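**Q** Take a look at the following structure, please.
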Amino acid sequence: MKRLFQGGRVVSGSGVAALDVLVNGETVEAVGPHLSCPEAETVDVTGKLLFPGFIDAHTHFDLDVCNTTTADDFATGTRAALRGGTTLVIDFACPNKGETLQYGLDLWHKKADGKSSCDYGFHMTIDDWNDGICREIPQMLEAGIPTFKMYMTYPAMMIGDRDLFLALEELRKYGAFAGVHCENAGVIDALIAQKKAAGEVSPASHPATRPNALEAEAVGSLLRMAQVAGAPVMIVHLSTKEALEEVRAARARGQTVYVETCPQYLLLDRSYYENPNYSQAARYVCAPPLREKADQEALWAALADGTIQTISTDHCSFTLAQKDAGKGDFTQIPGGLPGVESRGILLWSEGVARGRIDAARMCALLSETPAKLYGAYPRKGVIAPGSDADIVVLDPEARGLLTAADQAANVDYCPYEGWVTQGVIDQVYLRGQLAVAHGQILTGPMGQYIPRKL
Ligand code: MN
């Protein structure tokens, strides 16, 4: 079946152009001005923007963490993703310490295969380092996983400097790389102990135990280790202006450093933790924590000037009941926010419509650059002949409302409750199929595993 999108503007990482798009089956056949194809069904997208399907390279679906399991599994999480224009998620497969990478990969396939409504891939978490895991790296590349994750905090997952360094060296040999969660574990523990001793256990204490300086310290430390290893590295969910300075310094030394941030660090600030209503404050607990307005401004500037390459969500959702389980001790609140459903329209409304970034930059941040960085380009990340027909039709004139009552995610709150968006996502096509129209999800679990290669 052929479909011809007529009258719209096609967005790429380098610009916006009035072009028609002809789709044949699952892929794009042609892109050009005034295309005609009599046998094609025509879709009038006059006045609309056509983005390549968004890629969310940082989700945690069906993850056992904080003595519970995330509220969204691959069934609900990928429906939420699709509804928000995200046609590919890259989730973190996460074996426990002592397990093999292959065990983690098989487990994540079990969680995702046959259940996912959008396409998906996995990064592999390395939380142990030994000869066996070292030998598994080429096996992971074979399986379509050229990207890895390591943690500098969280006892269950943190790997330690020696093993982190050895893993960076090994990944470099294959042209693979890791994203790293950068926070200083030891000092955070000390600050938490001090807060508890002082009886200051409300969510308002959360950001004070994870100050900006401790993200910058960890980023700086990672980047110096990467320098010695001669390895490129990705800083995931960077949240502070101080950490940006560490990135700029490393690049000035000639290092290859990629940076990701998330909508919550661009749009929400630490004042949410000061809400005297415990439940209201607890729902915003995540790590790194929400920061200051000055950090938001620095991040927006870094998006516009190219210091930051991608925006993912770190979607790690819990219901209010799960969040409230930490009542009386902020360290027991499961950390994480939902975000996979709202990222695209938030970046349009708060970014492009407000003039902070342009549409091409948004496309680079959400589609083109993650596709290239993570090895899915040009199948994903671009509307061009031969690429998958993953297309987001965005209406820049309509207005939308973000609210918990209107979510596909399995979460009973929305961090952006009541926000009115300039622009709405009108339709989403996944490999040529109309998957979402006016907020209604029309397809089932047709998501495919996408092997990637760098
Ligand atoms: Mn994460």
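What follows is calculated from the coordinates using simple rules that are stated; it is not laboratory data. On a predicted model such as this, the values are computed, not experimentally measured, just so you know. FYI the Cβ positions are ideal-geometry reconstructions off the backbone, even for glycines, and counts take in every protein chain you see.
**Q** Taking the alpha-carbon distance from LYS110 and a cut-off under 18 Å, which aspartates and glutamates remain once sequence neighbours fewer than 8 residues away in the same chain are dropped?
**A** Once the sequence-local aspartates and glutamates are set aside, what remains near LYS110 is ASP62, ASP64, ASP72, ASP73, ASP91, GLU99, ASP119.
**Q** If contacts are Cα pairs under 8 angstrom and at least 6 residues apart, what is the relative contact order of the stretch 23-139 in percent?
**A** Once normalised by length, the contact order is 23 percent.
**Q** If the viscosity is 1.567 mPa s and the temperature 4 °C, what translational diffusion coefficient in µm²/s does Stokes-Einstein give for the stretch 184-283 when Rh comes from Kirkwood over Cα pairs?
**A** Answer, rounded: 86 µm²/s.
**Q** Shifting gears a bit: Would you mind checking which residues have amide H under 5 Å from ALA57's amide H? H placed 1.01 Å from N; only 5 or more apart, or other chain.
**A** Sorted by chain and number, the residues that satisfy this are ILE90, THR313.
**Q** Another question, then. With θ taken as phi - 60° and the coefficients 6.51, -1.76 and 1.60, list the Karplus ³J(HN,Hα) couplings across the stretch 93-98 in order, rounded to whole Hz; mark glycine and proline as x.
**A** Couplings: 5, 9, x, 6, 3, x Hz.
**Q** Report the antiparallel proportion of the DSSP beta bridges in the chain as a percent, rounded to a multiple of 5.
**A** Looking only at bridges with both residues in the chain, the antiparallel portion is about 50 percent.
**Q** Turning to a different aspect of this structure: Assuming R0 = 22 Å, what is the FRET efficiency of ARG251 and ALA353, from their Cβ-Cβ distance, to the nearest 0.05?
**A** Numbers: r = 30 Å, r/R0 = 1.38.
That pair, ARG251 with ALA353, gives E of 0.15.
**Q** Over the chain, what is the relative contact order in whole percent, taking alpha-carbon pairs under 8 Å and six or more residues apart?
**A** 22
**Q** Still on this model: If the only charges are +1 at each Lys and Arg Cβ and -1 at each Asp and Glu Cβ, what is the size of the charge dipole of the chain around the Cα centre, to the nearest 20 debye?
**A** Here the chain has a charge dipole of around 500 debye.
**Q** Then there's this: Using alpha carbon coordinates only, what is the Rg to Rh ratio of the stretch 53-373, with Rh defined as the Kirkwood radius?
**A** When Rh is taken as the Kirkwood radius, the ratio is 0.94.
**Q** Taking H as built 1.01 Å from N, whose amide H comes closer than 5 Å to the amide H of LEU337, not counting residues under 5 places away?
**A** It is CYS316, by chain and number.
**Q** Long-range amide H contacts for GLY423: which residues qualify at under 5 Å (H placed 1.01 Å from N, peptide plane, sequence gap of 5 or more or a different chain)?
**A** Answer set, sorted by chain and number: ALA398, ARG399, GLY400.
**Q** In addition: Sorted by mean Cβ packing within 10 Å, highest first, what order do the peptides 273-281, 326-334, 207-215 take?
**A** Top to bottom by mean Cβ count within 10 Å: 207-215, 326-334, 273-281.
**Q** Which pairs, out of LYS97/LYS380; LYS149/LYS372; LYS196/LYS293; LYS380/LYS453, put more than 21 Å between their alpha-carbon atoms?
**A** LYS97/LYS380; LYS196/LYS293
**Q** Along the positive direction of the dipole of the chain (beta-carbon charges: Lys, Arg +1; Asp, Glu -1; about the Cα centre), which of TYR265, ALA437, SER342 reaches farthest?
**A** TYR265
**Q** Could you order the peptides 298-311, 380-393 from most to least packed, using the average number of other C-beta atoms within 10 Å per residue? Before the final figure, lay out the partial values.
**A** Values: 298-311: 19.8, 380-393: 23.5.
Final packing ranking: 380-393, 298-311.
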